[in-house]
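Structure, as structure tokens:
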Amino acid sequence: MNVHDSEKIAGIFDETGYGAAVDSGDADIIVLNTCSIRAKAEQKFTSELGKLKKAKQKNPNLKIAVAGCIAQQSGKKLLKRFPYIDFLFGPDNIGSLNSLIDGGNGRTAIEHNPDYHTSSIPMKREGGLKAWVSIMYGCDNYCAYCIVPYTRGRERSRPTSDIYDEVKSLAEEGFKEITLLGQNVNSYGKNLSDNIDFPDLLRKIHDIEGPERIRFVTSHPRDFSSKLISAVRDLPKVCEHMHLPLQAGSDTVLKAMNRGYTYSEYKAKIDMIRDADPYMAVSTDIIVGFPGETDEDFESTFQALAEIEYDSIYAFKYSKRPGTEALTLPDHVDEDVKSSRLTRLLDLQESICYRKNKVLEGKVVEVLVDGPSATNPNIMTGRTRSNKIVNFEGDEADVGNSVFVKIVEARMHSLNGEKM
Ligand code: SAM
Ligand code: SF4
């Protein structure tokens, strides 16, 4: 979502006549688009900002701006702490960028804008192959650990016609993969006057000629419906991959997290997905060390991973976030306990990933080719419809195309193959 916001920031710069600097030392303006989902992201930001202080001393005309969730949450406090920041703006105020550049120093634009979903902002997308499209903004779920509802505001669904028009113009530009973005795509349409939900939206988007693949993130398990599974099964362009964040396998922890489902309710949804398509890849997000998580609670998460056998996971140590409910909960877990739990989960998942990839050896898969690998220009890299990374010997002509590749070697996090 942040990367997509950066495309909007770049789009506004482009339209105003600013080009991208080859080197940050040549830039007139530098915008740090920040994430505050975990403390680590904030630490990265402060370290980058430290480097920019020196750049500003060298070139006093350089403007430094901070965008995103840290700007939204810290506001004027950030300007006070780092007086060399020229201006800042939150995720709902990207459209104010031009007026901020022209205005005086110390300006902020961090008011939540309930109408942001209807504003149209130019975008500069890289690559011409894959595009993100926002279908909704904000979040109303208030999971106890999460900062998003505070930084990105209330949930708003974008009008269907705006989404349709954007995908249509991406199709005309030749984009082949569209990823629909929202914090909880399964509640799409709730605040719209048209009677439309997410599966209906998928069907509408599917009718647009051009794109070969449609993906979406993120599905909240509570609102995940059999209607969505039917849509995914019926619509050939919708890829066989679901990201369904579990967060924890213990019902006590899920309740404290305010997730709105139990593990058995979640597992029933996984079974529903696999009954509809046994080859559907499923990935998840896990938090270890949520306040109050006991050894038994963690074992439930460990067992859940062993039982479900995800194709991939994103696992994080719980990170304290200002203003969230979890911060006030008792029994915060020690960092070293969190670390050892995380290591155990990742070790388990590595063996599952390898085993699942091994099954693909000898099979032929369709790969949409992203480009040459970072380390070898003769090796092309791309993704299967199930979102697995495949590397194979190829050439520049493959880039941007779908090719068939026979898998010859399974690795932990990728597959090696031969082009057919
Ligand atoms: N809206 C999505 C959902 O509900 O599943 C998730 C969006 S969130 C930006 C991405 C992931 O970050 C979450 O699924 C969660 O696992 C993780 N996350 C959020 N807050 C966190 C925190 N305070 N500490 C650790 N991980 C966190
Ligand atoms: Fe955060 Fe929960 Fe909203 Fe996802 S659903 S963005 S985890 S509050």
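No value in this document is a laboratory result; all are computed from the given coordinates. Being a predicted model, the structure only gives us computed values, none of them experimental. Counting neighbours? That spans all protein chains shown, and the Cβs are built from the backbone with ideal geometry, glycine included.
Brief remarks follow.
- 5 angstrom amide H check on THR179, placed H, neighbours 5+ away: ALA131, TRP132, VAL133, ARG215
- Sequence-distant residues sharing a close amide H with VAL408 (under 5 Å, placed H): GLY362, ASN416, GLY417, GLU418
- Label-to-label distance, nm, for residues given as GLU335 and GLU212 (7 Å Cα→Cβ offset): 4.6 nm
- FRET efficiency for the pair LYS40 and GLU15, taken as 1/(1 + (r/R0)^6) with r the Cβ-Cβ distance and R0 = 35 Å, rounds to 0.55.
- Residue-wise HN-Hα coupling along region 400-413, computed from phi with Karplus coefficients 6.51, -1.76, 1.60 (Hz; x: Gly, Pro): x, 10, 8, 10, 9, 10, 8, 6, 10, 8, 8, 10, 4, 10
- Average Cα contact separation per residue, region 38-154, under 8 Å, 6 or more apart, as relative contact order %: 20 percent
- Rounded, prolate or oblate (a/c below 1.5 giving rounded, otherwise prolate when a/b exceeds b/c) for region 1-150 by Cα gyration tensor: oblate
- Unpaired by the 4.7 Å Cβ criterion, cysteines found in the chain: CYS35, CYS69, CYS139, CYS239, CYS353
- Built amide H within the under 5 Å cut-off of VAL288, gap 5+: PHE316, LYS317, TYR318
- Note, ³J(HN,Hα) from phi for region 292-305, Karplus 6.51, -1.76, 1.60, rounded to Hz, x at Gly and Pro: x, 5, 8, 4, 5, 4, 5, 4, 4, 5, 4, 5, 4, 5
- Overall form of the chain per C-alpha gyration tensor (a/c, 1.5; a/b vs b/c): rounded
- Remark: the chain carries a charge dipole of roughly 1040 debye about the Cα centre, counting +1 on each Lys and Arg Cβ and -1 on each Asp and Glu Cβ.
- Measuring between their Cα centroids, region 42-62 and region 100-137 lie 23 Å from each other.
- Entry note, the chain: relative contact order of 10 percent, from Cα contacts under 8 Å with a spacing of 6+ residues.
- Going from the residue with the fewest nearby Cβ atoms within 10 Å to the one with the most, LYS317, LYS44, LYS338 rank LYS44, LYS317, LYS338.
- Antiparallel DSSP beta bridges within the chain, as percent of all bridges there, nearest 5: 35 percent
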